[in-house]
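The values are calculated or read from the model by the stated rules, or taken from the named source; none is laboratory data. If you're wondering where the values come from, they're calculated on a predicted model, not measured in any experiment. With ideal geometry, Cβ positions are generated from the backbone for all residues, glycine too; neighbour counts draw on all protein chains shown. Calculation scope for accessible area: heavy atoms of the full protein, side chains included, ligands and nucleic acids excluded. Shrake-Rupley method; radii C 1.70, N 1.55, O 1.52, S 1.80 Å.
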Amino acid sequence: MKFTLFGVNIMLPSDVLAAWVFTLLLGAVVVFLVLKKKRLGLIWEYMVTTNHRKIGILYILFGIIYFFRAGLDALFIRTQLAFPNNDFWVFQGEKYNEVFTTHGTMMIFFVAMPLLLGLMNTVVPLQIGARDLAFPFLNAVGFWLFFFGSIFFNISFFLNMTPEIGWTGYAPLSTEQFTPGAGSDFYIFGLQISGLGTIFTALNLIVTIVRHRAPGMKMTRMPLFAWTSLITSFLILIAFTVLAIALYLLMFDRLFGAGFFSGTEGNPIYWQHLFWIFGHPEVYILALPAFGIFSDVISTFSRKRVFGYPIMVLSVALIGFLGFMVWAHHMFTVGLGPMANTFFAITTMLIAVPTGIKVFNWLFTMRLGVIRFTTPMLFSLGFIPSFVMGGVTGVMLSVSAADFQFHDTHFVVAHFHYVIIASTILGIFAGLYYWYPKITGYVLDEKLGRWHFWTFLIGFHLTFFPMHITGLEGMPRRVYTYDDSGGLAELNFMSTIGAFLMGVSMLFAIWNVYKTYKEGRKVGNDPWDGRTLEWSVASPAPEHTFDPMPVVEGIDSFWFAKSAGKKMPVTDQVRATPLEVQSILPFLIGSTLFFLSLGLTFSWYWLSILSAFILFTLLVVRSLKDEREDHYGRRK
Amino acid sequence: MKRLLVMPFLLLLTGCNIKVLDSRSDTANDQAFLIIYSFSLMLIVVLVVSILFIRFVFKYRYTEERKDNIPPDVKGNKWLETAWVIGPLLLLAILAVPTIMMTYDQSPVLSTESEQEGTSVQVTAEQFNWTFEHANGKTEQNRLVIPEGGTILLHLKSEDVIHSFWVPRLGGKVDVMPDRELVYEIKNPQIGTYEGKCAEYCGLGHTNMKFEAEVVSADEYASYLNEK
Amino acid sequence: MNRAEQALFNDKKMGFFIYLGVEAIMFAVLFATYLIFTPASNGPQPSEIFEAKTVILSSFFLLSSSGTLWLGERALKSEKQNIFLTGLGITMLFAIIFLGFEVYEFASFVREGHGMGVNVFMSSYYVLVGLHAAHVAFGIGWMAVLFVQYFRQIPLTLFTEKLSIFSYYWHFVDVVWVFIIGIVYLPYLL
């Protein structure tokens, strides 16, 4: 659609127009509901909060919203690919390239990351007996940076300037010469801002886990989700920092005429190295917390402690460590030479060993136990075989000479969806069903939970299993159409049905949340007969927890005290509690970075300079309003 | 469960003609072997896990009789845990041997480091076309003609962004880089016409960046070269 | 400092050290970038454009500012307020002088036509040394805020903490500069 606004000719494709209409309508409904129910105060409360549970809720809320947005992208992709030589709506060529770029980028950075960070934020302090994260203010800053980064990335679609460089942003395609539009800049700054927030949150989690544990909660007694969060946070610190520099260099290439990744002297492979030094650990950043969730859930619903606790922790650490030594297995075909290819093939295979340990230990945790098939447990049970299937194709991909065939085909698409959906997404669902009472005070409906689980799991296998074969049939990834040969038509159609089944399953999830809210049956502290400390506090977790502070005497201390019919011993010898504040500054700090990036993207340098100035002013204000001033002895 | 239902159905659909496995050169043949080989080894893992999984989940499920059962407090078992460290290591060692051999044999190298002899073809990729230049200067777009048997040496270079050269039946892919020239060998191709395509996302026309790879007899190749 | 204050300070110290670790990784990647792309195959070469005089002078000011900060911090501990103020003041002055040299150096390169996009050596030089200079500039602003905090008479323990955190930052920035001398300049000035 073409129209003129303020003398400017604007071309709006139908999909963008649809997005505008849909968003405006939805926005109107939300505004109406908020005003009608007089909930503006609630929104303000969340904008100024620094409480870990509330920030966790914000992360989860936006993670879910983006999950639907990126999921819709996936449905567009699958509809376009439903039939050979199909022409669905606008999704051919450019629009198709945009839609797979946003699908990948959003799912990784704005769905999986915030959902995991949200769960960590909410649960980890409760699991280790901390009253909040070590730096509540910084925690809020981390969230609002994520928020504004994600909004920055998302507005590109409404301006019809969506990036079309794939989530990997390979140079030189991502340099100014080949994608001169603003799309790639939205990619760069969106990831840069939200990545910075992620780094702050990781730092915060490390200090919390190392220094804020309850008395007696030794590192060797922590629940596995706390352990995996700790190790994941270290991975984030390294990986996201490398990504930050990669994006920083790409920004100079695009905006200021540097030539790191293109031209006669630049080196496109350097981008790939930097990107995958981030990108491969990122896969473990997504998977490890999920492993932690599964460990806790499986142990709780088998009524047994985790089998082989020390080796479970060790294997997570080992996966994290090896995760940094395998990045070039994404680059077997770029010609690094036989020696590098062999090295990275072997290190990649080695990762299978600690992962295998974990799988067997989960299985043996269930052995001799009493397995209750609750929804969180169903998701965990669905995870084990699905993830093993993804894992073994991973080993197949590590065979570098075979990878010459697999590389960049639907086989790879099948593989990484198998591992990421099976671990991260099923893990997030397991975690959300499991900790929902701790977050909201309600238990989600079990029957709808089962519907959600089975439709999702069947849809997931139906979507991605055929892709192994289409890949071997010669279907590269990131193509918008294919010829009807070798069963491609049938297999692709099957994938499309599966994708829609997954879409339907999410409707069950929504219905479930709505129904649970309507029925409003509050539950007690410990609806699942849990083992770890979070089940000793009220549901939902109050702002001030662990008063009096419990003393931990071993692994699953809460459960052992409970089954012996005793209460956990308590103490009033408690270390200083982190200082929570109410402040709008984190929100404002995030927004200045948003406008700073907007200025750089469109060369409105006055806006960038102004935003930077406001940003530094806000930092000074922050320093002058330090909440600790009131808690310290005044100067004599 | 549902996977077991789906799998035979899929195999019926596709038969054994999967392109990558139905190879038409020694290079692709080796790769197909590796795929089948690693797949079989990995099938062992899947089977072991599935059997344990189904057995444990079924045997230790919650029942009315076991409602109040408190399971023994098992912390771990050194022997078992050692077993599943050593088992996978052995399996991977078996997998690693042919992997290393073929990786050394097949990895693309820089043109300056290549010492192989064979029929050379200069492959130039640009958005969104392939140009093939033969030893005598004969040039054709989007159609690669090579002689059967012997070794084909493809010298690949890109004019703009990164592309990837792929003819599934003749061998795996190799990236076509703008800043360096790589050499990829195809050993002993068999006569036939195969589809080739770009496998690295390269922009707007990526989907349609295809070409035809035609393997002909040595005589036909000679006359092809001399055609005007 | 009582126990509660000590605990909160140790939290902050640990958090800040982790943050410096993040910074260290950032600079490490930029150093790697510089080593990969320098010298470039055409355009200006490092040995042609670097001037020993500027490097030595700017290094003198930046490196000795670490010393003056240290002296100031020690003076605060023994409650010699004036020496402390002088120490912090000189640190800030030296930092400003250093920044002046950096600006002068960048400006003279650009005047000679050696801008960001001339070749990959210049690009990697600017993104590395420029990021360091930005850190120095940020440090100057930070010191200004410290002065304000001092005269606002915030609790002394809190001020000491803020000063300690800043001094970690400042010494870190100095260490990065030492690496810049060793990796960026020295190989091409000898």
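Contact order for chain A, expressed relative to its length and based on alpha carbon pairs under 8 Å spaced 6+ residues apart, stands at 18 percent. Peptide packing: for A:349-357, B:105-113, the average count of neighbouring Cβ atoms within 10 Å per residue gives the ranking A:349-357, B:105-113, highest mean first.
Per residue of peptide A:338-344, the mean number of Cβ atoms on other chains within 10 Å of the residue Cβ is 4. Pairing chain C with chain A buries about 4000 Å² of accessible area. This figure sums both sides and uses a 1.4 Å probe. By the scheme Lys and Arg +1, Asp and Glu -1, what is the net charge of all other residues having a beta-carbon under 11 Å from that of B:Thr103? Residues close to B:Thr103 contribute a combined charge of -3. Taking every C-alpha pair closer than 8 Å and separated by at least 6 residues, the mean separation divided by the residue count of chain C gives a relative contact order of 32 percent. Each other residue within a Cβ distance under 12 Å of A:Ala258 adds +1 if Lys or Arg and -1 if Asp or Glu, for a net charge of -2. Both chains summed, the buried accessible area for B and A stands near 8100 Å², from protein heavy atoms and a 1.4 Å probe.
Ligands, DNA and RNA excluded, the heavy atoms of A:Glu553 present near 130 Å² of accessible surface to a 1.4 Å solvent probe. Could you check what % of the DSSP bridge pairs in the protein assembly as shown are antiparallel, to the nearest 5? So the antiparallel bridges in the protein assembly as shown amount to around 75 percent.
Think of each Lys and Arg Cβ as +1 and each Asp and Glu Cβ as -1; about the Cα centre, that makes the dipole of the range C:51-189 roughly 320 debye. Charge dipole (Cα centre; +1 on Lys/Arg Cβ, -1 on Asp/Glu Cβ; no other charges) of the range A:39-583 amounts to roughly 2140 debye. With all protein chains in place and a 1.4 Å probe, the accessible surface of chain C carries 70 percent carbon and sulfur.
When C:Arg111, A:Arg367, B:Arg66 are compared by accessible area of protein heavy atoms, the largest-first order is C:Arg111, A:Arg367, B:Arg66, using a 1.4 Å probe. Shielding by partners for peptide B:77-87, expressed as the average number of C-beta atoms from other protein chains within 10 Å of each residue's C-beta, is 4. The fraction of accessible area contributed by carbon and sulfur in the range A:39-583 is 69 percent, rounded to a whole number (1.4 Å probe; ligands and nucleic acids excluded). Specify whether the C-alpha gyration tensor of the protein assembly as shown places it in the rounded, prolate or oblate class, a ≥ b ≥ c being the square roots of the eigenvalues: rounded for a/c under 1.5, otherwise prolate if a/b is larger than b/c and oblate if not. Oblate is the answer for the protein assembly as shown, as a/c is 1.5 or above yet b/c matches or exceeds a/b.
By definition, a body whose alpha carbon gyration tensor gives a ≥ b ≥ c is oblate when a/c is 1.5 or more and a/b is not larger than b/c, and the range C:19-102 fits this oblate description.
Note on C:Ile36: accessible area is roughly 90 Å² with a 1.4 Å probe, heavy atoms of protein only.
The mean count of C-beta atoms from other chains within 10 Å of the C-beta of residues in C:116-129, rounded to a whole number, is 4. Taking Cβ atoms as reference points and 13 Å as the exclusive limit, the residues near C:Ile180 contribute a net charge of -3, counting Lys and Arg as +1 and Asp and Glu as -1. Using the 1.4 Å probe convention, the accessible area of the range A:275-413 works out to 18 Å² per residue with neighbouring protein chains retained. The listed residues A:Arg211, C:Arg3, A:Arg477 rank as C:Arg3, A:Arg211, A:Arg477 when sorted by accessible area, largest first, using a 1.4 Å probe.
Computed over the range A:567-636, relative contact order equals 28 percent, with contacts defined as Cα pairs under 8 Å that lie 6+ residues apart. When all protein chains stay in place and ligands, DNA and RNA are ignored, the 1.4 Å accessible-area order of A:Phe343, B:Phe56, largest first, is A:Phe343, B:Phe56. Rolling a 1.4 Å probe over the protein heavy atoms leaves A:Met502 with an accessible area of roughly 30 Å².
Protection proxy ranking of A:425-431, C:112-118, by the mean of other Cβ atoms within 10 Å over each peptide's residues and highest first, is A:425-431, C:112-118.
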